[in-house]
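Chemist: Following this message is one structure expressed as structure tokens.
The values are calculated or read from the model by the stated rules, or taken from the named source; none is laboratory data. The shown structure was predicted, so the numbers you read here are calculated from the model rather than taken from an experiment. Virtual Cβ from ideal backbone geometry, glycine too; neighbours counted across all protein chains shown. Note: areas computed on protein heavy atoms with side chains; ligands, DNA, RNA excluded. Shrake-Rupley method; radii C 1.70, N 1.55, O 1.52, S 1.80 Å.
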Amino acid sequence: MKIAGYQYQSCFGTFIEEFIREKKEAGFVYESEEWQLKHFDAFCEDEGITEPCLNKYLVEKWGTIREGEEMVTCSRRISVLRQLGLYLASLGIEAYIPCRFYKKAKKVVHVLPDDEIKDLFRIIDEYRPAIQVSFFYRLSMEYRVIFRLIYCCGLRISEARTLKQVDVDLKNGRVRILQAKGHKDRYVYLAVDLAELLQEYMAVMKTVYGCQSDWFFPSRNPEKCLTNGTIDKRFRESWAQTSFAKDCDRDPTVHCLRHSFVVKRMNLWMEEDVPLKEMLPFLSKYLGHSSPDESFIIITRWSLYSAL
């Protein structure tokens, strides 16, 4: 079944459309979830479901693990359906709410030391697209900037890629993060050289590529921002070309740049005899954590695997 341009057909169609609209109006991107719900709608149509009743039988049949599917992927499908069920229940419609999910074991965090960071950015900077088309060269420039922004500010990948032009305030040297994890908003302040890099980037986007977009990191289609998949692919391909990749027992992900920023920042404070206990509340706010206690637990886990 082709999902692009898919029109809802099942008895749940109207409710799914309204549910997704509410999520997006609340500030959620809700792209992968929408894709899952379109598949669920088609599934209901194939099953001949005529009443919008999300009963246990329907939920469990949708949640049956498929051939070649990992448990964690199956759980994601059920989790999206759980959210739809809660929405239907709020409307007074009968809905079975699943509550048990398989959780994938957490991977050991890879913190990139300075030499790995330098080699990684060397590869990212040297990347040139095989196809000599303007927007591919534009994207290669965007990768150089977005990875530096994630690393230098410890941003989550979603926070960086969904930045809009209005969120970047170079006059005051800061970016505004809206509706981050936990629905929290915050300002993240930029180092002077990073702010200068963003200023140069904006000038090149306008004068060289003539790119007019609301997004700070537009995709091939300027009306959309870069996707997680696109960013992750470029990162993995860049890492694979570094001199460290073949001897690495746990390949880093884009999110490891955030981990590496935190460990690097803490090591610098220790070298400068700055009390970590006093700085942790500020670091917690900067990272968008809910509390210093949350930051302490997470940072302790990261630091155990630091190679610095």
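Chemist: Taking region 72-100 only, how many residues are under 25 Å from the mean Cα position of the chain (by Cα), of a type outside the set (Gly, Ala, Ser) and under 18 Å from residue 39 (Cβ atoms)?
Modeler: Within region 72-100, residues that are under 25 Å from the mean Cα position of the chain (by Cα), of a type outside the set (Gly, Ala, Ser) and under 18 Å from residue 39 (Cβ atoms) number 12.
Chemist: Same structure again: Name the pairs whose Cβ atoms lie under 8 Å apart, with the first residue in region 57-69 and farther than 12 Å from residue 47 by Cβ, the second of a type in the set (D, E, K, R), and 6 or more positions between them or separate chains?
Modeler: So the pair list comes out as 63/77.
Chemist: What number of residues within region 187-209 are surrounded by fewer than 13 Cβ atoms within 10 Å (Cβ to Cβ) and farther than 30 Å from residue 282 by Cα?
Modeler: Of the residues in region 187-209, 4 are surrounded by fewer than 13 Cβ atoms within 10 Å (Cβ to Cβ) and farther than 30 Å from residue 282 by Cα.
Chemist: Given (1) open to solvent by less than 50 Å² (accessible area, probe 1.4 Å); (2) in a loop (DSSP other than H, G, I, E, B), identify the lone condition not met by residue 184.
Modeler: So residue 184 meets the others, but not (1).
Chemist: Against the conditions (1) closer than 27 Å to residue 159 by Cβ; (2) in a helix (DSSP H, G or I), where does residue 29 fall short? Just the number, please.
Modeler: The failed condition is (2).
Chemist: Considering only helices (runs of 4 or more DSSP H) fully contained in region 55-173, which possess at least 2 residues that are open to solvent by less than 10 Å² (accessible area, probe 1.4 Å), over 30 Å from residue 203 (Cα atoms) and at pLDDT 90 or above?
Modeler: Working: elements: 56-62, 71-90, 114-126, 134-153, 157-161.
So the answer is 56-62, 71-90.
Chemist: Quick check on this structure: which one of 253, 242 is more than 20 Å from residue 188 (Cα to Cα), touching an Asp or Glu at 6+ places or on another chain (Cβ under 6 Å) and at pLDDT 85 or above? Before the answer, list the steps.
Modeler: Working: 253 fails: touching an Asp or Glu at 6+ places or on another chain (Cβ under 6 Å).
The conditions single out 242.
Chemist: Shifting gears a bit: Inspect region 35-44 for any residue being assigned to a helix (DSSP H, G or I), among the acidic types (Asp, Glu) and open to solvent by 10 Å² or more (accessible area, probe 1.4 Å) and give the result as yes or no. Talk me through it step by step, then tell me what you get.
Modeler: Initially, region 35-44 is screened for residues assigned to a helix (DSSP H, G or I), giving 35-44.
Of the ones still in play, those that are also among the acidic types (Asp, Glu) are 41.
Subsequent filtering for residues that are open to solvent by 10 Å² or more (accessible area, probe 1.4 Å) retains none.
The answer is no, given that none of the residues of region 35-44 is assigned to a helix (DSSP H, G or I), among the acidic types (Asp, Glu) and open to solvent by 10 Å² or more (accessible area, probe 1.4 Å).
Chemist: Okay, next question. Pull out all pairs, ordered by first then second residue, where Cβ-Cβ is under 6 Å, the residues are six or more apart or on different chains, the first lies in region 147-176 and is under 11 Å from residue 191 (Cα atoms), and the second is assigned to a helix (DSSP H, G or I) and open to solvent by 50 Å² or more (accessible area, probe 1.4 Å).
Modeler: These pairs meet every condition: 170/199.
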